[in-house]
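Okay, so here's the structure we're looking at.
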Amino acid sequence: MQSGRVPVDVDISGAKNLWLVVSDGGNGYLCDWADWIEPKLIRADGSSVDLTDLKWKSATVGFGEVGRNKNVKGEPLKIDGKVFANGIGTHAPSIIEYELPETNFTRFMAKVGPDHGGVDQNGGTSVEFFVFTEKPPENLLQITSATNDPDRGFGLAAAQEGLKTAAIADGLEATVFAAEPMLRNPTDIDIDARGRVWVCEGVNYRSSFKPWGTLQPAGDRIVILEDTNEDGIADNGKTFYQGTNINSALGICVLGNKVIVSCSPNIFVLTDTDGDDRADKEEILFSGIGGVDHDHGVHAMVFGPDGKLYFNFGNAGGQLKDKNGKLVADLDGNLISTNDSAFSEGMTFRCNLDGGEIEVLGQNFRNPYEVAVDSFGTIWQSDNDDDGNRSVRINYVMEHGNFGYKDEMTGAGWNEAWKKAQSKGARDDEKPISHWHQNDPGVIPNLLVTGAGAPTGITIYEGKLLPEIFRNQIIHCDAGPRVVRSYRVNSDGAGYKAETRDIFSSSDAWFRPSDVCVAPDGSIYIADWNDSGVGGHNMADHDLKTIKGRIYRIAPKGSKPFVPRLNFTTISGSVTALKSPNAATRYLAWDELRALGERAESELLKVWKSDDQRMRARALQLLARIAGREKKYVEQALRDNNSDLRIAGLRIAREIKLDLIPYLKILVKDSQSQMRRECALALRGNFSPEAPEIWAELARQHDGKDRWYLEALGIGAEKQEDKFFEAWLKKVGENWNTASGRDLVWRLRSKKTPAYLAQLISNPKTTDQDREKYFRALDFIKGAEKENALVNLLGLVSP
């Protein structure tokens, strides 16, 4: 059933029980919101009973909660554009059982159809409705039209046949690297310096919530897959680790003989001390993270160009504790917990390899699945919308930013903001603005909104093997629409804009890309969860013997896989490895070169003096950490013609805690607004007496149009708003009421801004739209100054 309402009229004479069943209609459990409208039990005399007046005996649902007179998200029932007051909302796969209060009912009548909550996601809603008076077949919800396809097959040959349904970008080809039974349900992958693919399996995903229970009693596995004869197909598989403590693990990061596995409530470090590809040492890096057996928990760690680890968790994560169960504090001294007022919802982090010096880089996300960091230290990730809102987004993670999933002041979700926007005539395509509170001061803009989906793994491709159009770009998986995309990012003022290009997609309803990783030869590997539904809410296949999972290799046509030979015993060999497109290889190079210190300087200088800007950035990260040479190389970077390298230099100076003021005094008038953005961010927490004047000069250069720049100024002014705003006022004097000045008044939260907001609100030239905007800004300010401004606006005068 694809759309509309279909009448149901079933003979139930003599029935003692009634089962209402909704199953997949052929495309997997995707956006399958379904409604039973005006369901009635009819007696022979024509009298009737509303089924919604009865309590069900039991109810199962694939997502959300079965709703009486509402859909699975608690919203009005809506089919084919019409809202209904009476009915039952559910989501496939679903069974609702009733014990009938009498046996003289003769008919069951209703109207059925897919609810707009699913249809509006454009993800392929397709459902089947069944009515039973006897217990339904046990396999009905497990093996429906999508799962019971005998032509799907099992194993490598079936996976290769399945590639015929795939579409791939010009010049590229896809091959199957591995398939079941070598692996099952991969949630995340990493590739080591030897080209081996490490897989987190999620066979036991949702086992603690769903009726099928634990499918693999011994626990989920970390599997190593290897192609020993370089024919492009894995021929050797081994289990590195297995245990119930890593059930539903969502992240893996291979760092030499240490493997970091992210699995709420813990992040584990598993070490192979004797080189036998078996973990024989287990440690906890972080603990206490929410989202156990849930895709909104903690996700993969990745190794950054600065030698640090980056990771995130979704809005179920809640907190971060150390190995002893004590809440961790960030570098600002804030406890990392959503119970603390400093943080909200999902968060992005950076820390040392041992977990120390942790920073919260961004917060108020819904569910960022993975983070990616480019060679300049710029951070990127995707974020899943609240299902049904076509608002999946890609973010540049501006450090210490609030990303607007919940209302900063009230904690309210997107619904309230959207209802208010609708009352003022907002178009449906403007929903993402409300969804991410983009109209509120203090919220970072989105790089891109990609619509409906289920975003998963992400990486930065800095290799040379793929065509030029994909180089130095974000590559991202979206399991909802079954696609792997590239986002070509370009500068846009102090921020960025992006264009989308598909790399690999499939019409196979079971193709669910969960992660993408770059191999040492520059090819990319894609993990396929392989299920007719997106794993976040359900699994269609509950039989360990038939559960699938696949890995594909994407490379130029005719390109044979190979593993570059590396020699870490020489400095030049380690520097060559530092240039690898593969993160695990770069980690080994970093580890070696960092230990060598000044002995590696001459070889690193060759890279620093080259023309490849990203390789120069990688060399810079190490040169600027040679004892006694820190300032020399930071200052070289800050004088460079390439603005990305100047940005990298300032970021390094912040990380290694150099005195920033002398540099900021020079950079404050840099021609590139992105460089000035970084200057503003660098002022956050800098209490130098010269900081206000520097900030004021940066603020003076705001053009009144660039939201990225404005938000960077807001972040830089945190905890010093009064001093910074005063310095700006001194600089602009009476000429504050410009597009730029009004922006700053709207964004800043100093004690003086309420009075200026009141002037703007009361100005007859202010439009109604702007007046509402300025009133909204007052919501984010506290104190007597705000109260006085409001009193004055009401025309009252305090004694």
Exposure of residue 569 as accessible area (Å², to 10), given a probe of 1.4 Å and all protein chains: 130
Whole-number accessible area per residue in Å² for the range 255-304, which is evaluated in the context of all protein chains at 1.4 Å: 32
Can you list the HN-Hα couplings for the range 467-475, worked out from phi with the Karplus curve (6.51, -1.76, 1.60; θ = phi - 60°), rounded to whole Hz and with x for Gly and Pro? x, 3, 4, 9, 6, 6, 10, 6, 10
Quick check for you: which residues of the range 175-191 have the amide N under 20 Å from the point 7 Å beyond the Cα of residue 158 toward its beta carbon? 175-187
Amide H to amide H under 5 Å from residue 285: which residues, 5+ apart in sequence or cross-chain, H placed 1.01 Å off N in plane? 267, 268, 269
Distant-in-sequence amide H partners of residue 227 (H built 1.01 Å from N, under 5 Å): 235
If Lys and Arg each add +1 and Asp and Glu each add -1, what is the summed charge of the other residues whose beta carbon sits under 9 Å from the beta carbon of residue 111? -1
If you project the alpha carbons of the chain onto their three principal axes, what span does each projection cover, largest first, in Å? 89, 83, 51
Helix-derived [θ] at 222 nm for the chain: sum -39500 (n - 2.57) over DSSP H runs of at least 4, divide by residue count, nearest 500? -6500 deg cm²/dmol
As a test question: what accessible area, to the nearest 10 Å², does residue 54 have when a 1.4 Å probe is rolled over all protein chains in place? 40
Ranking by accessible area, most exposed first, for 10, 745 with a 1.4 Å probe: 10, 745
So what is the relative contact order for the range 9-101, in percent, with contacts set as C-alpha pairs under 8 Å and at least six apart? 40
Rounded to the nearest 10 Å², what accessible area does residue 240 have for a 1.4 Å probe in the complete protein model? 10
Between exposed GluC sites (Glu not before Pro) in the chain, where DSSP calls loop and at most 16 other Cβ atoms lie within 10 Å, what's the longest gap? 358-689
A 1.4 Å probe over the protein heavy atoms gives the range 659-701 a carbon and sulfur accessible-area percentage of 51
For residue 257 and residue 412, what does the FRET efficiency come to when R0 = 51 Å and r is the distance between their Cβ atoms, rounded to the nearest 0.05? 0.60
130, 725, reordered so the largest accessible area comes first (probe 1.4 Å): 130, 725
Specify the inter-centroid distance of the range 495-561 and the range 391-456, based on alpha-carbon positions, in whole Å. 28
Remind me, relative contact order of the chain in percent, using alpha carbon pairs under 8 angstrom and six or more residues apart? 10
Amide H of residue 221: which non-local residues (sequence gap of 5 or more, or other chain) have their own amide H closer than 5 Å, using H built in the peptide plane? 201, 203
Where does each of 313, 562, 129 land when they are ordered by accessible area, with a 1.4 Å probe and the largest first? 562, 129, 313
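The values are calculated or read from the model by the stated rules, or taken from the named source; none is laboratory data. Everything numeric in this text was worked out from a predicted model, so none of it was measured. Quick reminder, even Gly has a Cβ in these numbers, built from the backbone with ideal geometry, and neighbours come from all protein chains shown. These accessible areas exclude ligands, DNA and RNA; they are computed on the full protein's heavy atoms, side chains included. Shrake-Rupley method; radii C 1.70, N 1.55, O 1.52, S 1.80 Å.
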